[in-house]
Amino acid sequence: MTAPKNWQKSSFSGGGDGDNCLELASTPTTFHLRESDTPATILTTTPTPLTHLLDAIRAQAL
């Protein structure tokens, strides 16, 4: 499987070309996440598990 080329930085990464940020790319059925300082390591998931993870993080932040 080839990861997409449309990587986007997290809005929390700040400006500039820093090496400490989360990047996200997507296809119609999957999400790909990677750290900018280790771009060869990619986590691939589908929308449902990622939604559950984000919901759990939000619930802990309340």
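Throughout, read-outs are computed from the coordinates displayed, never taken from laboratory work. Bear in mind the structure is a predicted one, so any value in this text is a computation, not a measurement.
Please give the contour-minus-distance gain from L22 to L54: 0.36 nm per residue of separation, less the Cα-Cα distance, rounded to one decimal in nm.
Working: separation 32, 0.36 × 32 = 11.52 nm, distance 1.45 nm.
Here the answer is 10.1 nm.
Multiplying the sequence separation of K9 and S36 by 0.36 nm and subtracting their Cα-Cα distance, what value in nm do you get?
Details: separation 27, 0.36 × 27 = 9.72 nm, distance 0.85 nm.
Gain in length upon complete extension: 8.9 nm.
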